[in-house]
Each structure stands twice: as structure tokens, then as C-alpha cells.
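S.K.: Below you will find the structure I want to go over with you.
The values are calculated or read from the model by the stated rules, or taken from the named source; none is laboratory data. Please read all numbers here as calculations on a predicted model, not as lab measurements. Note that we place each Cβ from the backbone using ideal geometry, even for glycine, and neighbour counts take in every protein chain shown.
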Amino acid sequence: MARQDGRRANELRPVEIIRGYTRSAPGSVLIRCGHTHVLCTASWQTGVPPWRQGRGSGWVTAEYDMLPGATVPRRPRNRLNVDGRTREIERLIGRSLRAVVDLAALGENSILIDCDVLQADGGTRTAAVTAAYVALCDCARRAVGNGWIVRSPVTQAVAAVSVGRVAGRALLDLDYAEDVEADVDMNVVMTDSDRFVEVQGTAEHAPFTRTEMERLVRLAERGIKRLLEIQRQALRKRPKL
């Protein structure tokens, strides 16, 4: 049975990755996953946080937020305090990228990832991970080209997707309407070597069995393999700017 938007249960929303979306950052990527649109930039910074100084290796970290008009009703802008959900997502993005970066190859330099949700319709954190990886690659290429480092620190690819159980069906890449109705929702982050970085699974209304969990993870693997291919295709194209 088709979903509300006509997709099959194991089908991703239409995905578009646009590189070079803005001029200033060495890496700049807009990702559109259906009606979820996220802008991710990767900026180079000489030096590392104080607690990493003297180790001879670098750091990759991320910030995430939603623009006020990304949702209905309007979401207040974070000006002073960052809420717990935002911190959780920032840590997820940072962990996902560091899992595929040789920090020693950065020297004592940092790559700062900024993920801003322009429009939200579910799956913003997973879209941010997928786009941030591409922005990271572009920033690393610029760093090598400018002689800031001698080789790219990126060791493999990483992407993420959501899955869930909605009305008894296992669905890939939930939109917002599906997410709010899900009995179980899960975010899965994987590398292109078929290794898991993170599996976040939650029973919202009813517990799930090991069999159901494994089925959802297999569904996520299918979606991530497709996302990894979309990333590869995007990285082969000339950036917009």
C-alpha cells in the first residue's frame, strides 16, 4: 500500500544535494529530502579547543539549529540557551563526522560544521548528517588545495536515515506526519564500510521486538546505501559556485 505521498514503504523521499550553495565557507551544501531542506557549511579554523592543544591532532564539531520559519508554528530563535534536543543533534552530527575523519591528518586545526534547517518535515538530523559529510569533503579538498594540510583527513563516507513502525508497517525515511504517528522511530548512521556509527531507537507507544528492530535496521541499511550513492554522484559534479 502506498504512503500518503505515494512512496513505497522502502522508498526514500526525493533527495537533492547541491554543493557550493554559498560563497564564503570552503564547504557549503544544501540538501533537500522531500520537504525537509537543510543548509550545511564546513569552515576551516586554525587551532583546536584548549583541551586538545598539544596533541598534534585536530577536531571536527557541529552546530545545528532551525530557522524560526522552518516549522509551523514559528519556532523561537535560540539566542541565549540551546535546548537539550538541539545539543543532542549537534553531538550526533559531530560524532558521525569524527567517525570518518583521521584527526591526526588535520594537524592542530578544526573543521566547524554548521547545519541550519530552512524547512522541516521530519528527518532533519539525518539529512544534516548526510549533507554535512559532503560539506566536510569539500572543506578537506580546499584545505589540501591551499596547502593547509598534506592529505584529506576523510577516510570513508557516512550517511543517515530514519525508519519507523507506523500503523504496523516498517517505513523508510519518515516525514513529519509519519513520525508523529510512529509507534517506533529510529535514526541510523552508517559508513560505506557497512559499519554503524549510531542507532537511536525509541518505542513511542508500544515496545518492539528484536525481530522488528532488525527489520528496521535492514530497511535503514537499504536507504543509506542509496544515500551514499547520491553523495558520490554529488561529489563528482562541479559545485554550483
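S.K.: Inside region 191-220, can you point out the residues that are in contact with an Asp or Glu (Cβ under 8 Å, 6 or more places away or on another chain) and surrounded by 16 or more Cβ atoms within 10 Å (Cβ to Cβ)? Don't jump to the end; show me each part of the working.
M.R.: Here is the first cut: in region 191-220, the ones in contact with an Asp or Glu (Cβ under 8 Å, 6 or more places away or on another chain) are 194, 201-206, 208.
Within region 191-220, Gly201, Phe208 meet the criteria.
S.K.: Could I ask something else about it? So, in region 1-17, exactly how many residues are outside any loop (DSSP other than H, G, I, E, B) and either closer than 11 Å to Gly34 by Cβ or out of contact with any strand residue (DSSP E or B) (no Cβ under 6 Å at 6 or more places or on another chain) (or both)? Full working, then the answer.
M.R.: Of all residues in region 1-17, those outside any loop (DSSP other than H, G, I, E, B) come to 15-17.
Now narrow it down to the ones that are either closer than 11 Å to Gly34 by Cβ or out of contact with any strand residue (DSSP E or B) (no Cβ under 6 Å at 6 or more places or on another chain) (or both): 15-16.
Of the residues in that region, 2 qualify.
S.K.: So, one more: For region 189-203, name all the residues that are in contact (Cβ under 8 Å) with a residue 60 or more places away in the chain and of a type in the set (A, V, I, L, M, F, W, C).
M.R.: Val189, Val197 - these are the residues of region 189-203 that are in contact (Cβ under 8 Å) with a residue 60 or more places away in the chain and of a type in the set (A, V, I, L, M, F, W, C).
S.K.: Another one. Quick check on this structure: which one of Ala182, Ala203, Ala170, Ala177 is closer than 25 Å to Asn10 by Cα, aliphatic (A, V, I, L, M) and in contact with a Leu (Cβ under 6 Å, 6 or more places away or on another chain)? Reasoning before the result, please.
M.R.: Details: Ala182 fails: in contact with a Leu (Cβ under 6 Å, 6 or more places away or on another chain); Ala203 fails: in contact with a Leu (Cβ under 6 Å, 6 or more places away or on another chain); Ala177 fails: in contact with a Leu (Cβ under 6 Å, 6 or more places away or on another chain).
Going through Ala182, Ala203, Ala170, Ala177 in turn, just one is closer than 25 Å to Asn10 by Cα, aliphatic (A, V, I, L, M) and in contact with a Leu (Cβ under 6 Å, 6 or more places away or on another chain): Ala170.
S.K.: Of all residues being within 16 Å of Ile111 (Cβ to Cβ) and either out of contact with any strand residue (DSSP E or B) (no Cβ under 7 Å at 6 or more places or on another chain) or aromatic (Phe, Trp, Tyr) (or both) in region 56-90, which is surrounded by the most Cβ atoms within 10 Å (Cβ to Cβ)? Just the residue, please. Spell out the reasoning first.
M.R.: First, pick out the residues of region 56-90 that are within 16 Å of Ile111 (Cβ to Cβ): 57-64, 90.
After this cut, where a residue has to be either out of contact with any strand residue (DSSP E or B) (no Cβ under 7 Å at 6 or more places or on another chain) or aromatic (Phe, Trp, Tyr) (or both) as well, the list is 57, 59, 64.
Working: Ser57: 16, Trp59: 21, Tyr64: 26.
So, considering only residues that are within 16 Å of Ile111 (Cβ to Cβ) and either out of contact with any strand residue (DSSP E or B) (no Cβ under 7 Å at 6 or more places or on another chain) or aromatic (Phe, Trp, Tyr) (or both), the one surrounded by the most Cβ atoms within 10 Å (Cβ to Cβ) is Tyr64.
S.K.: Still on this structure, I have one more. Somewhere in region 183-202, is a residue more than 24 Å from Arg91 (Cβ to Cβ) and either over 18 Å from the mean Cα position of the chain (by Cα) or not aliphatic (A, V, I, L, M) (or both)?
M.R.: So in region 183-202, the residues more than 24 Å from Arg91 (Cβ to Cβ) come out as 183.
Remaining after also requiring either over 18 Å from the mean Cα position of the chain (by Cα) or not aliphatic (A, V, I, L, M) (or both): 183.
Checked against the condition, which is being more than 24 Å from Arg91 (Cβ to Cβ) and either over 18 Å from the mean Cα position of the chain (by Cα) or not aliphatic (A, V, I, L, M) (or both), region 183-202 yields at least one hit.
S.K.: State all residues of region 78-125 that are among the β-branched types (Val, Ile, Thr) and modelled with pLDDT under 95; if no residue qualifies, say none.
M.R.: Start the filter on region 78-125 by keeping residues that are among the β-branched types (Val, Ile, Thr), which leaves 82, 86, 89, 93, 100-101, 111, 113, 117, 124.
Within region 78-125, Val82, Thr86 meet the criteria.
S.K.: Failed condition for His205, given (1) in a loop (DSSP other than H, G, I, E, B); (2) under 30 Å from Pro73 (Cα atoms); (3) touching a helix residue (DSSP H, G or I) at 6+ places or on another chain (Cβ under 8 Å), with all others met?
M.R.: Tallying (1) in a loop (DSSP other than H, G, I, E, B); (2) under 30 Å from Pro73 (Cα atoms); (3) touching a helix residue (DSSP H, G or I) at 6+ places or on another chain (Cβ under 8 Å), His205 fails exactly one: (3).
The rows are residues; the columns are (1) under 22 Å from Leu92 (Cα atoms); (2) out of contact with any helix residue (DSSP H, G or I) (no Cβ under 7 Å at 6 or more places or on another chain).
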residue: Arg7; (1), (2): no, yes
residue: Tyr21; (1), (2): no, yes
residue: Ser24; (1), (2): no, yes
residue: Val29; (1), (2): yes, no
residue: Pro49; (1), (2): yes, yes
residue: Val60; (1), (2): yes, no
residue: Leu67; (1), (2): yes, yes
residue: Val72; (1), (2): no, yes
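S.K.: Ok, one more. Where residues in region 18-39 are outside any loop (DSSP other than H, G, I, E, B) and of a type outside the set (A, V, I, L, M, F, W, C), which of them is nearest to Cys139 (Cα to Cα)? Steps first, please.
M.R.: Step one: list which residues in region 18-39 are outside any loop (DSSP other than H, G, I, E, B), which gives 18-19, 27-33, 36-39.
Retained after the next criterion (residues that are of a type outside the set (A, V, I, L, M, F, W, C)): 19, 27-28, 32, 36-37.
Values: Arg19: 11, Gly27: 5, Ser28: 8, Arg32: 20, Thr36: 24, His37: 21 Å.
For region 18-39, the residue satisfying everything is Gly27.
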